[in-house]
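Take a look at this one; I'll ask things after.
The values are calculated or read from the model by the stated rules, or taken from the named source; none is laboratory data. Quantities reported herein were computed from a predicted structural model and do not represent experimental measurements. Positions of Cβ are generated from backbone atoms using ideal geometry, with glycine treated the same way; all protein chains shown enter the neighbour counts. Please note that ligands, DNA and RNA were not included when accessible areas were found on the heavy atoms of the full protein model with its side chains. Shrake-Rupley method; radii C 1.70, N 1.55, O 1.52, S 1.80 Å.
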Amino acid sequence: MKDIMTDIFKEEFNPAFLFTWKGRRTKDESAYHSHDHLEVAFILSGCGRYRIGGTFYDVEEGDLLILNPHISHQGLVKDAENPATEFFVGAAELKLQGFEKNTLPTPKEGPILHTQGELRQKLFRLCASMEAEKSVGWEGRYFMMKAYMMQLLLLVLKTQMEPVEITEGRSFESVNKKYVVEQILDYFEDHYAEKISLDRIADNMYLSPFYISRIFKSEVGDTPIRHLINIRLEKAMELLQTGFSGSIQEVAAQVGYEDAYHFSKLFKKRYGYPPSQVNKRKT
């Protein structure tokens, strides 16, 4: 399969988004059926059973089902006390070199992709993003949904493709890491006075907190949160040195801290004296 997929993108990759559907499988699907379009189903939680092409498959949280056109399938209940919550995405006009229209390659083991780690986290985020976008009524909603769907399909394809070694110039991974870190640094500079968490940054960038922390430290030499603390303390020092007449609580709030005591402890640890001594040390 992976050898065949080396030239898979010879045609334009521009599938049409059809629909999303989220629900709990509390009863067996009544019909053993098929479609002309592609369906992809991600198991968000619980467990279930599927009959696909005459074979029965047990599925659980993190599994992704590839339901290609004209392949009969039927969702079944495996455990009524722990039913599967499923997220379906429908696509059409999918054209991949060497495959029939609307057909997505499947793993050698069958139509079920068992995901884990970063891939699973990305799929969860994409499903959540599509579900959130579905509830927003605006003219560009279709294109947002299509963009998320394309990311999902590309992730599935990526799992089945051999990585290509890049021997000249800067690798895409290296450039991508630098871009991610630059985006985080810019965000810190613009939003240091707001509530910021690594989880929130990760959600916004569709990456795992662990991955962000690792590449940030490799590029900057410090963790994201430690770097943010340094920015906040430097901004606080600048503010105090300009003669700011507000209280320490107000200074703390200006640089993103609700707890003035915690802010003062961090400040003293960094500079060797509390923020209340800054102006006194200038005289």
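If you go through region 45-56 one residue at a time, do you hit one that is closer than 20 Å to residue 110 by Cβ, touching a residue at least 40 places away in the same chain (Cβ under 8 Å), in contact with an Asp or Glu (Cβ under 6 Å, 6 or more places away or on another chain) and in a strand (DSSP E or B)?
No, every residue in region 45-56 fails to be closer than 20 Å to residue 110 by Cβ, touching a residue at least 40 places away in the same chain (Cβ under 8 Å), in contact with an Asp or Glu (Cβ under 6 Å, 6 or more places away or on another chain) and in a strand (DSSP E or B).
Okay, moving on. Restricting attention to region 95-104, does a residue exist that is within 20 Å of residue 153 (Cα to Cα) and outside any loop (DSSP other than H, G, I, E, B)?
no
Being touching a residue at least 24 places away in the same chain (Cβ under 8 Å) and out of contact with any Asp or Glu (no Cβ under 9 Å at 6 or more places or on another chain) is the filter; apply it to region 208-218 and report the residue that is nearest to residue 125 (Cα to Cα).
Only one residue fits best here, namely 212.
Could you tell me which residue of region 58-75 is farthest from the chain's Cα centre (by Cα), considering only residues that are within 20 Å of residue 160 (Cβ to Cβ) and surrounded by fewer than 19 Cβ atoms within 10 Å (Cβ to Cβ)?
Out of the qualifying residues, it is 71.
Next question, about the same structure. Out of (1) modelled with pLDDT under 95; (2) outside any loop (DSSP other than H, G, I, E, B); (3) crowded, with 17+ Cβ neighbours inside 10 Å, what's the single condition that is false for residue 142?
(3)
Return yes when residue 264 is open to solvent by 60 Å² or more (accessible area, probe 1.4 Å) and either among the small types (Gly, Ala, Ser) or touching a residue at least 24 places away in the same chain (Cβ under 8 Å) (or both) and no when it is not.
It is false that residue 264 is open to solvent by 60 Å² or more (accessible area, probe 1.4 Å) and either among the small types (Gly, Ala, Ser) or touching a residue at least 24 places away in the same chain (Cβ under 8 Å) (or both).
Name the pairs whose Cβ atoms lie under 7 Å apart, with the first residue in region 178-207 and acidic (Asp, Glu) and modelled with pLDDT of 85 or more, the second open to solvent by less than 90 Å² (accessible area, probe 1.4 Å) and part of a loop (DSSP other than H, G, I, E, B), and 6 or more positions between them or separate chains?
Listed pairs, sorted by first residue: 194/256.
Considering region 210-224 alone, what residues qualify as being within 16 Å of residue 182 (Cα to Cα) and either in a helix (DSSP H, G or I) or open to solvent by 50 Å² or more (accessible area, probe 1.4 Å) (or both)? Full working, then the answer.
Going through region 210-224, the residues within 16 Å of residue 182 (Cα to Cα) turn out to be 211-224.
Matches in region 210-224: 211, 212, 213, 214, 215, 216, 217, 218, 219, 220, 221, 224.
Next question, about the same structure. Between residues in region 112-134 that are more than 28 Å from residue 55 (Cα to Cα) and residues that are open to solvent by 50 Å² or more (accessible area, probe 1.4 Å), which pairs lie under 7 Å by C-beta distance while being six or more apart or on different chains?
So the pair list comes out as 122/206; 125/203; 125/206; 126/151; 131/22; 133/141; 133/144.
Quick one: in region 190-209, which of the residues that are within 17 Å of the chain's Cα centre (by Cα) and not in a helix (DSSP H, G or I) is surrounded by the most Cβ atoms within 10 Å (Cβ to Cβ)?
Going through the qualifying residues, I end up with 208.
Next question, about the same structure. Which members of region 223-245 meet the condition of being modelled with pLDDT under 90 and among the small types (Gly, Ala, Ser)?
243, 245 - these are the residues of region 223-245 that are modelled with pLDDT under 90 and among the small types (Gly, Ala, Ser).
Continuing with this model, one more query. I need the full set of residues from region 225-258 which are of a type outside the set (Val, Ile, Thr), in a loop (DSSP other than H, G, I, E, B) and open to solvent by less than 80 Å² (accessible area, probe 1.4 Å), in order please.
Within region 225-258, 243, 244, 246, 247, 256, 257 qualify.
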